[in-house]
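Following: one structure in structure tokens, then a few remarks.
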Amino acid sequence: MSVHFINSETIHAAARILRSGGVVAFPTETVYGLGADAFNALAVAKIFEIKKRPYFDPLIVHISDDDQFEKLAQVTQAAKDLARAFWPGPLTLVLKKKPGIPDLVVAGLETIAVRMPDHPAALDLIRAAKTPLAAPSANPFGYLSPTTSKHVEEQLGEQIDFILDGGPCLTGVESTIIDLSCERPKLLRPGGISAEEIEKITGPMERQISASMPTAPGQLKQHYSPRKPLRILSIEEMKSHSKLSKAGILLFSSGSAPEAQPPIQATAVEVLSEKGDLKEAAANLFSALHRLDKSKSEIIFAEPMPENGLGLAIMDRLRRAAATFE
Ligand code: TXA
Ligand code: MG
């Protein structure tokens, strides 16, 4: 295992590994990805093996230009409109696939998930590898997503030969996934671009952010989880909880912190955004959860956040983390 700062040499070294069927961890604006050549089934199989990811859970394919998009998917007008508005960026589009894509990438589905990441190193890497990259988040299946190269190193370092370090991810939650393969656009996973922003272009979307499987196999109810149990509780509920002194606490803003102060004797406290900004909170979410998971606390209490803008993605991740321990 080795972590490499990004420069043209390390990008090209990573691209050579990808071209010869290896896997590389790389930064995107959302979370770190674990990438392989999307057209090389054996390389893609390594991703599933390293993550211990079930084979029924399809991958997102990352592209650097429109030609690659056309090669992978049947690009509709709605897809073009959304791509023009939000790519490169934290938006994944699900469309009918084109022939020639390994079944493993799409888990045997007739659709494919594609996104153009907004990170210069990710785009340079795809260009240098001269192939789209199938890449899930670079974490063991079900665990907290990685937003720094250190998270990747700690969780999967022994199994990955090459980690590109591009610093902390600026968006911090995964991409928003929109299914455009049916008549009406459907929100499958809230993420780095708010549903409100997307609906300005698509009009009202259907929402299927459910835990049940078929169309979004990866939208499992239990996901994004720390090792410690996590509960979503109001500050009042935290204060009267018998485990308070053993808890690590995740607060939205410092607005909630003063109340949480003296009477609350928790083991660790993380504030996601001093000024209560949802974008900043999303960017800090996984790092704060990683720290709480490593702290001396036995349990994590998370304060509910407002569910508008990026708050929808944050609450989606917290609910799935909490569901693991129900
Ligand atoms: O921000 C992101 O999207 C990050 C970075 C690395 O790009 N990637 C990411 O990948 O979050 P992953 O594998 O952790 O999540 C991909 C999700 C899964 O829930 C999967 O089920 C869904 O995308 N997905 C992939 N292909 C699909 C398809 N054809 N139909 C429906 N859902 C699909
Ligand atoms: Mg993931």
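Considered as a group, the residues in segment 11-49 that are β-branched (Val, Ile, Thr) and open to solvent by less than 20 Å² (accessible area, probe 1.4 Å) include one that is nearest to Tyr224 (Cα to Cα), and that residue is Val31.
When Thr92 is tested against the conditions (1) under 19 Å from the mean Cα position of the chain (by Cα); (2) away from ligand 2 (no atom under 16 Å from the Cβ); (3) within 24 Å of Ser194 (Cβ to Cβ); (4) among the hydroxyl-bearing types (Ser, Thr, Tyr), the lone failure is (2). Within segment 148-184, the set of residues being among the β-branched types (Val, Ile, Thr) and farther than 25 Å from Glu9 by Cβ comprises Thr171, Val173, Thr176, Ile177, Ile178. Checked against (1) within 11 Å of ligand 1 (Cβ to nearest atom); (2) touching a helix residue (DSSP H, G or I) at 6+ places or on another chain (Cβ under 9 Å); (3) part of a loop (DSSP other than H, G, I, E, B); (4) open to solvent by 10 Å² or more (accessible area, probe 1.4 Å), Pro168 passes all but condition (1).
Just to verify a result, which residue in segment 54-66, among those that are in a loop (DSSP other than H, G, I, E, B) and at pLDDT 95 or above, is most open to solvent (accessible area, probe 1.4 Å)? By that ranking, first place goes to Asp65. The residues of segment 270-287 that are surrounded by fewer than 22 Cβ atoms within 10 Å (Cβ to Cβ) and either more than 17 Å from Met238 (Cα to Cα) or not aliphatic (A, V, I, L, M) (or both), listed by number, are Glu270, Ser273, Glu274, Lys275, Gly276, Asp277, Lys279, Glu280, Asn284, Ser287. Can you find a residue in segment 102-115 that is on the phi > 0 side of the Ramachandran plot, more than 21 Å from the chain's Cα centre (by Cα) and free of Cβ contacts under 8 Å to residues at least 60 places away in the same chain? Within segment 102-115 (the criterion being on the phi > 0 side of the Ramachandran plot, more than 21 Å from the chain's Cα centre (by Cα) and free of Cβ contacts under 8 Å to residues at least 60 places away in the same chain), the answer is yes, since at least one residue qualifies. Filtering Ser8, Ser2 for residues that are modelled with pLDDT under 95, over 18 Å from the mean Cα position of the chain (by Cα) and of a type in the set (Gly, Ala, Ser) leaves a single hit, Ser2. What number of residues in segment 82-107 are open to solvent by 50 Å² or more (accessible area, probe 1.4 Å) and within 12 Å of ligand 1 (Cβ to nearest atom)? Count: 3.
For segment 125-140, the condition of being out of contact with any helix residue (DSSP H, G or I) (no Cβ under 9 Å at 6 or more places or on another chain) and not charged (D, E, K, R) holds for none of the residues.
Residue count for segment 171-199 satisfying the condition of being touching a residue at least 40 places away in the same chain (Cβ under 8 Å), assigned to a loop (DSSP other than H, G, I, E, B) and not hydroxyl-bearing (Ser, Thr, Tyr): 9. Whenever a residue of segment 121-149 is at positive phi, its partners that are assigned to a loop (DSSP other than H, G, I, E, B) and within 12 Å of ligand 1 (Cβ to nearest atom), lying with C-beta atoms within less than 8 angstrom and at least six residues away or across chains, give the pairs Gly142/Leu220; Gly142/His223; Gly142/Tyr224.
Applying the selection to segment 273-317, what residues are over 19 Å from Lys243 (Cα atoms), hydrophobic (A, V, I, L, M, F, W, C), in contact with a strand residue (DSSP E or B) (Cβ under 6 Å, 6 or more places away or on another chain) and touching a residue at least 40 places away in the same chain (Cβ under 8 Å)?
At the first step, the residues of segment 273-317 found to be over 19 Å from Lys243 (Cα atoms) are 273-288, 290, 305-317.
Keeping just the survivors that are hydrophobic (A, V, I, L, M, F, W, C) gives 278, 281-283, 285-286, 288, 305, 310, 312-315.
Now drop any that are not in contact with a strand residue (DSSP E or B) (Cβ under 6 Å, 6 or more places away or on another chain), which leaves 281, 288, 305.
Listed by number, the list holds a single entry, Met305.
The values are calculated or read from the model by the stated rules, or taken from the named source; none is laboratory data. Since the structure is predicted, the reported quantities are computational estimates derived from the model, not experimental observations. Because the Cβ atoms are built from the backbone with ideal geometry, glycine has one as well, and the counts that use them run over all protein chains shown. When the accessible area is computed, the model is the full protein with side chains, heavy atoms only, and any ligands, DNA or RNA have been set aside. Shrake-Rupley method; radii C 1.70, N 1.55, O 1.52, S 1.80 Å.
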